[in-house]
Amino acid sequence: MGLTVEDRLEITELLARYNHAIDSGDAEAWAATFTKDGVFAPPGATTEGRAELLAYAKRRYEPRKRHWTNNVVIEGDGDEATMRCYLHVMLVGEPGLETMVTGRYSDRLRRIDGAWRFARRDLEVD
């Protein structure tokens, strides 16, 4: 059976929690969006497991960053899913918004104890 509407809403909310956590400097909340053995793979680096994810989030915090994701496509069945979306990272402040990076996420998600989490998140930068 395919994903339910509720599954899709929960996965979309996971994406929003991820963005809010990294943008607010909440490394614990950001790392909690991943499975315990989760992998985050931006260009040139792979971060794996809770301790590495926490350290990564603490290093990368910048209070003026805002992560925006859109054009979300979610596919899956049961307790596993994939998601693709576009990324736009901006710096806010004077004189306005400045684009830092754009790219695409490719995700593998897994439902653990009833909650969706990122099992692997690959980032391709434009």
Quick one: residue 23 ticks every box in (1) of a type outside the set (A, V, I, L, M, F, W, C); (2) touching a residue at least 40 places away in the same chain (Cβ under 8 Å); (3) under 16 Å from residue 123 (Cβ atoms); (4) surrounded by fewer than 13 Cβ atoms within 10 Å (Cβ to Cβ) except a single one, so which number is it?
(4)
Could you go through region 68-82 and let me know if any residue there is out of contact with any Ser or Thr (no Cβ under 7 Å at 6 or more places or on another chain), within 19 Å of residue 115 (Cα to Cα), among the β-branched types (Val, Ile, Thr) and touching a residue at least 24 places away in the same chain (Cβ under 8 Å).
yes
Residue that is nearest to residue 81 (Cα to Cα), among those in region 1-34 that are of a type in the set (S, T, N, Q) and within 12 Å of the chain's Cα centre (by Cα)
12
Filter result for residue 56 (among the aromatic types (Phe, Trp, Tyr), under 17 Å from residue 117 (Cα atoms) and touching a helix residue (DSSP H, G or I) at 6+ places or on another chain (Cβ under 9 Å)):
no
Within region 13-27, is there a residue that is at pLDDT below 95 and either closer than 19 Å to residue 114 by Cβ or not in a loop (DSSP other than H, G, I, E, B) (or both)?
no
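Okay, residues lined up against (1) more than 12 Å from the chain's Cα centre (by Cα); (2) in a strand (DSSP E or B):
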| residue | (1), (2) |
| --- | --- |
| 45 | yes, no |
| 51 | yes, no |
| 63 | yes, no |
| 75 | yes, yes |
| 81 | yes, yes |
| 93 | yes, no |
| 102 | yes, yes |
| 118 | no, yes |
| 121 | no, yes |
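The values are calculated or read from the model by the stated rules, or taken from the named source; none is laboratory data. Owing to the predicted nature of the structure, the values given are computational and were not obtained by experimental measurement. Every residue, glycine as well, gets a Cβ built from its backbone with ideal geometry; the counts of neighbours run over all protein chains shown.
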